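Worksheet for the structure shown next.
The values are calculated or read from the model by the stated rules, or taken from the named source; none is laboratory data. As the structure is a computational prediction, the values presented were derived from the model and not from experiment. Here the Cβ positions follow ideal geometry from the backbone for every residue, glycine too, while neighbour counts run over all protein chains shown. Note: accessible area is taken over every heavy atom of the protein model, side chains too, but ligands, DNA and RNA are not part of it. Shrake-Rupley method; radii C 1.70, N 1.55, O 1.52, S 1.80 Å.
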Protein chains: 2
Amino acid sequence: MDYHDTSAWDPHATISTYLTLEDIAKTSNEQYETPILKLVADSKQKGYKRLCIPLTTEKWKKRWSEMCLLPMGVTPESKESAALAAETWRLNPGFRKDEVTITRLDEAEGVIALISEWLELDAADDWVRHDAEIALKQELAYATYLNIQTVILPPPRNRDHVASYARIVQSCLTNFPYLYLSIRLPIYNPSVFQPVTPMLSPVPLASTANATTPSLVISESEQQSDTEGGSVNATWEMWDLIRSMCDYNIKLTLTIDLSPALPTTLGVLSKWAAESVRHIFLPSSTFIANMKGYPHRPNIILAEASEGHHSRGGEAAYSQYVRHLEKTSQAVQVTKRPGTVENFAQGYQDYLQAPLQPLMDNLPSITYQTFEQDPVKYAQYEEAMYRAFLDYPGDDKLVVCIAGAGRGPLVARCFRALERADRDAMIIAVEKNPNAFVTLQERQANEWDNKVHLVFGDMRVVNVPEKANILVSELLGSFGDNELSPECLDGAARFLKPNGISIPSSYTAHLAPLSSSKLYNEARSTKTEKGLETPYVVMFQAVNILSLPITNSHNARSARLRFYIPHAGILHGLAGYFEAVLYGNIGLSIHPHRKDQVSKDMLSWFPLFFPFREPLYLPSNSELQVSIWRLTNTRQIWYEWHAESFISIPKSASSGEELLAQPSSLPSASSFSSFGAPSPLVDSKEPIFLDTRRLNVNEQSNPVHADREIVKIGHTSLHNAGGRSSWIGL
Amino acid sequence: MDYHDTSAWDPHATISTYLTLEDIAKTSNEQYETPILKLVADSKQKGYKRLCIPLTTEKWKKRWSEMCLLPMGVTPESKESAALAAETWRLNPGFRKDEVTITRLDEAEGVIALISEWLELDAADDWVRHDAEIALKQELAYATYLNIQTVILPPPRNRDHVASYARIVQSCLTNFPYLYLSIRLPIYNPSVFQPVTPMLSPVPLASTANATTPSLVISESEQQSDTEGGSVNATWEMWDLIRSMCDYNIKLTLTIDLSPALPTTLGVLSKWAAESVRHIFLPSSTFIANMKGYPHRPNIILAEASEGHHSRGGEAAYSQYVRHLEKTSQAVQVTKRPGTVENFAQGYQDYLQAPLQPLMDNLPSITYQTFEQDPVKYAQYEEAMYRAFLDYPGDDKLVVCIAGAGRGPLVARCFRALERADRDAMIIAVEKNPNAFVTLQERQANEWDNKVHLVFGDMRVVNVPEKANILVSELLGSFGDNELSPECLDGAARFLKPNGISIPSSYTAHLAPLSSSKLYNEARSTKTEKGLETPYVVMFQAVNILSLPITNSHNARSARLRFYIPHAGILHGLAGYFEAVLYGNIGLSIHPHRKDQVSKDMLSWFPLFFPFREPLYLPSNSELQVSIWRLTNTRQIWYEWHAESFISIPKSASSGEELLAQPSSLPSASSFSSFGAPSPLVDSKEPIFLDTRRLNVNEQSNPVHADREIVKIGHTSLHNAGGRSSWIGL
């Protein structure tokens, strides 16, 4: 763990208001110089942070349409004059005064500009697309002139030409380097929201029949019934293509449009949590229950708040309600409760840290102090020692060896456990950090009454005065063995009597595939050449875990793991976790499904993040196979990792003159179970783990059918090959 | 086109001999110091270039197996002693004298070492794999000690653990930077070649029952019947994974093992032509007909040549026959025939050249001279002009304008066409290169009797004395419009009378997806940052065209093309071709299917290669969608390109709670045909193009069924976004 500046961190979302052309039209300037200035002042007074307004008027739409969209049946003369006007405009694109809503710098202050919603950047017609691109750049140039920082683009609507849409956005990001572009996207297929279609909101805040959303012009071809999940995937797939083609540009964000009703199963929405959502577009007419605590603290744009869709509470009620939902949301509340990981970790979310190397480096005292504050970890160690002491025959002499004592927290806990168990023991404390050893000597004199045998030196080579019955160590890293616990304990095993007890008694590493644009960009932008070739310690927030395996271990030096991917997503990396059994059913866990049951509120470890250089696209219902190796030479330890993707199709689907792959030469169900080693904690007889076991059964949905075959569809590079970028010194 | 040193180019394959441990055992040294030295001398005397021999003996296999593979039922004592021996070996891996075949530097000269074939680098057992890796590195270290440059590794055998095999190879490439590693791989599933199975060779050179291949130890699990194509795909897929995980290291090559019988349909083998085949392993017992002219001039290793499988001809007959096949192969013969593209292009194969920019740059005289030597191009122009003159009313005055006359080849051809047609005309020649204009003036005085109106200047701005009936230009690039023909001709259109004729009358650009490790590596290794973001002119050789479309045009500013991919492959780039109609049915074409019919032996254009930064894996029966844009601003023209891959699966195959994608929002058959614009030449009424039309019909195999849905499986980046790396100056 490491510290970085978190002072800029504000846990609250911004709330803005969306005003339409009608709102502007019906505003009289009263004591202000222009209607816009009055609207700006009004919305400030109502407590809104920013104002979101369309940049152009109906007049511009009319002129552009007359020039660029020749209607059927016009005369050749008017056709020619339109073509001439268009060519003149293309050479020198510009607005007339009454074609824009804003003309002054002071009007534009704090404004988020909505680009003309009728621009079809993905029109099927080459020329319409071409002229829409010119018009878009004209609007962006005008917004830049007015010092506007953020604009919202109309949504892509045509899967056939979304690549052209993306190409245009990429070109704008290059040409307008100081503008933030945000793409408005309905969270799923908005076709159910055609004005003529009744709203199908499952949890409406209030019933309303007035649910037209002005900014969504849906073409006829999208009119179809569809499952919610498929529709979320289709819109997400468009977004994915756009941001990939724009090379994950950090100035490109997403405006999630919640105008369409939320789907009934919120699980399919989790993929949006991994994206850079900057704005949430929230018309008052839609329900607003079930709002998730979006990770990026986006700007919430309230639309139609003044239209009186609801009879009570007035306009202020909407933002008050959003604030209320935010305040009462579990995600926000937990960050305010001292002692929680979420409270402790504020400012660390998605922040990449280099893993500690306590073997190679001598840690500073401040680092020891941080980790000693963990309210759970040492309590678990004390409990484990206490139970081990109770189980130990009362008349035998007890020798406890603390291997890697640091500043002495485990020594202190050992004394307390002995006191609770009413036992006496010889305590040996081994430590190789000469600086920490000074602190140990001081505590020895001041607290421990010289009862501890202090041994200075590396546990792999020193000798202890007596062999121990119980060997206690805390060498675990986020991924279990990444702080070289195996190598150290191999050396310290000499200290233990033949039937002695080791605390921890075992530990397991866990891997899960992970999607996160944010982490991918963070890793990519690290200054060092390591970048995407080294693992990081990260408190995950804006991530989407694509799949969690039943159970997996890398007690061996390598593991090959298979994951079923239910929803399409982009693989950006692997999340690494550990789970350790200290003694009996006392454990430590950072596994996302089990940590709260095993060691709730433990702060010492964030997960490990293994990045991938090239994001790998994973379709829905695909299978991911991950290989990871823990490698060593005489001086270093390192990990290498690699992934392949597959799709399972019915055998009858194979067409053409050949089979796609040899089913029998591909991983079989049996090779899967060979790596699915049972987790020691899962196999525990204690009730605390029952939930976990149930969870495992639920997850076991990976279908292997004899009448299907598996087709390979992609793979990543081999990462950190030869340990060239990340290694852990021995 | 550009020249580079081709002196090192040797069109012949090297032939080597493979000797087994038995061959060595039965050799007496006679007047040589060691048996190996005698074998080296013998094989040199027989005309072999190099000697391929196993590096280790049976003794090493025995010691390794006893240490590392504990048999069932051994006593605990011998188990412990084996474990101790193994641990001692692992700490200090090394051979004893009788465990290796070669011990002296002079023995190793020119030797290709075969690594112990029994090493299971992809064993399912972690420890066997681990010890095999140590043994492999021990052999490589010993080979390095003996100054051996090339070693051949045993084939991967286990699809489940081929990632581990690849990881080990990558590690060896790093640790042994001066060794070339070549992976022996049967061209397809060798399981039909189990010693007990009768040989199923379709075109055997001679019948033989003695077809065991000593180096292939096939595990029981691979025993299965399979189609040939599926099996080729399976072995290729293993190779693809290995070289991808080794990041296309140029020191990693392929030893194609032709021990298994060749498949009946050679089409499935084309993917190997795009790979870096360094050696071909060819036992005398297998048939050797149908040998393809492998592009890299690999080393052919003849095995068992001295074993007398065939009663007549003796050992020398085999290499003589290989030489005969090589000499008589069409691919080699054509390079020896003067006037062929293959002869002209020797040394240019797969060599990346920057496209010419004749508009921005003034070409040197030597470049004009090279292109004027084309035996076909100017003949076609002359024929087109001749036919146009014939079709022109006899009593009208004829004005011919040559736009971009260069050093005057088209002027000279124009005179000849006029003479043939018995017509007279006013000839205007426009040229903007002041240096070439000097040559024009000289020819005007010496050859043309001052009959030509020479006009100096840029055709986009100059004026000509009289409007022309026929405008002739030769501004075409490899991709049609990439030398700015449209921009120039837009400017020169002023020269033409209202119903005048343009030669060429039309042209079309064609794209095809392409796989080539060699081109990918070449583009990647260019020193400039452009590297993989700019198109190149290339004479393709070691490439595999993954698919050819029915027909496609980018007369518009952008095109989206769909390709059906029958066989799995890696997309490394796009091949760009053009086809032009000069007049009537006289054309120019570099389209691979049509060039021989339209303009055989034309030399002036090699195709264009648009590279992709990250190779995209395309499974068998997948669909590739390519978008390409031709973009412009006031100063530059550039292309951007992008690709997405899809797989079509039956609707019933979709499992889980959601649909994979919305079929109706994906490209439909109608959008495909909208880009399938007919080629002008294909639509010609002349019989010369009939074959082409037939070919199109045969290729139209892209299946679109209503009961299938299309799932996206991958995509590339947007290349050359914003024209940042490649542009063509206006």
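Values as computed for the structure displayed
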quantity: Pair list, Cβ < 7 Å and 6+ apart or interchain, from segment A:158-184 residues that are within 9 Å of chain B (Cβ to nearest Cβ) and closer than 19 Å to A:S276 by Cα to residues that are at pLDDT 95 or above and open to solvent by less than 10 Å² (accessible area, probe 1.4 Å); calculated: A:L173/A:L181
quantity: Qualifying residue in segment A:120-143 (condition: among the β-branched types (V, I, T) and closer than 18 Å to A:W89 by Cβ); calculated: yes
quantity: Number of the condition not met by B:Y142 [criteria: (1) touching a residue at least 60 places away in the same chain (Cβ under 8 Å); (2) under 30 Å from the mean Cα position of the chain (by Cα)]; calculated: (2)
quantity: Qualifying positions in segment B:41-57 - surrounded by 13 or more Cβ atoms within 10 Å (Cβ to Cβ) and in a helix (DSSP H, G or I); calculated: B:A41, B:D42, B:S43, B:K44
quantity: Evaluation of B:I428 against (1) farther than 30 Å from B:L574 by Cβ; (2) at pLDDT 95 or above; (3) outside any strand (DSSP E or B) (one fails), failing number; calculated: (3)
quantity: Among residues of segment A:327-362, those that are of a type in the set (S, T, Y) and open to solvent by 40 Å² or more (accessible area, probe 1.4 Å), counted; calculated: 2
quantity: Sole exception among (1) at pLDDT below 95; (2) of a type outside the set (A, V, I, L, M, F, W, C); (3) open to solvent by less than 10 Å² (accessible area, probe 1.4 Å) for A:Y381, by number; calculated: (1)
quantity: In segment B:116-151, residue modelled with the lowest pLDDT [restricted to those that are in contact with a Cys (Cβ under 7 Å, 6 or more places away or on another chain) and closer than 12 Å to B:L55 by Cβ]; calculated: B:L140
quantity: Test: residue in segment B:527-543 that is in a strand (DSSP E or B) and either of a type in the set (S, T, N, Q) or modelled with pLDDT of 85 or more (or both); calculated: no
quantity: Evaluation of B:L454 against (1) more than 18 Å from B:P364 (Cβ to Cβ); (2) in contact with a helix residue (DSSP H, G or I) (Cβ under 9 Å, 6 or more places away or on another chain); (3) outside any strand (DSSP E or B) (one fails), failing number; calculated: (3)
quantity: Residue match in segment B:88-103 (condition: within 39 Å of the chain's Cα centre (by Cα) and over 25 Å from B:P154 (Cβ atoms)); calculated: no
quantity: Hits in segment B:119-149 (condition: surrounded by fewer than 16 Cβ atoms within 10 Å (Cβ to Cβ) and farther than 21 Å from B:T103 by Cα); calculated: B:A124, B:D125, B:D126, B:W127
quantity: Which numbered condition B:N189 misses (of (1) at pLDDT 60 or above; (2) within 11 Å of chain A (Cβ to nearest Cβ); (3) closer than 28 Å to B:W127 by Cα); calculated: (1)
quantity: Residue ranges of strands (runs of 3 or more DSSP E) in segment B:578-640 with at least 3 members open to solvent by 20 Å² or more (accessible area, probe 1.4 Å); calculated: B:608-618, B:622-632
quantity: Near pairs, Cβ below 8 angstrom, 6+ apart or cross-chain, from segment B:388-405 (at positive phi and open to solvent by 10 Å² or more (accessible area, probe 1.4 Å)) to any residue that is part of a helix (DSSP H, G or I) and among the hydrophobic types (A, V, I, L, M, F, W, C); calculated: B:G404/B:C488
quantity: Matching residues in segment B:283-322 - criterion: being buried (at least 22 other Cβ atoms within 10 Å of the Cβ) and modelled with pLDDT of 70 or more; calculated: B:N299, B:I300, B:I301, B:L302, B:A303, B:E304, B:A305, B:Y318
quantity: Matching residues, segment A:425-439, being farther than 23 Å from A:R494 by Cα and either over 43 Å from the mean Cα position of the chain (by Cα) or without any contact (Cβ under 8 Å) to a residue 40 or more places away in the chain (or both); calculated: A:V438
quantity: Failed item, numbered, when B:L603 is tested on (1) closer than 30 Å to B:R387 by Cβ; (2) modelled with pLDDT of 90 or more; calculated: (2)
quantity: Breaking point among (1) facing chain A (nearest Cβ under 10 Å); (2) within 16 Å of B:L252 (Cα to Cα), for B:P154; calculated: (1)
quantity: Residue, farthest from the other protein chains (Cβ to nearest Cβ), within segment B:585-599, restricted to residues that are farther than 18 Å from B:L475 by Cβ and in contact with a helix residue (DSSP H, G or I) (Cβ under 9 Å, 6 or more places away or on another chain); calculated: B:N585
quantity: Flag if B:Y381 is of a type in the set (S, T, Y), in contact with a Leu (Cβ under 8 Å, 6 or more places away or on another chain) and in a helix (DSSP H, G or I); calculated: yes
quantity: Filtered residue count, segment B:329-341, keeping only those that are assigned to a helix (DSSP H, G or I) and at pLDDT 75 or above; calculated: 4
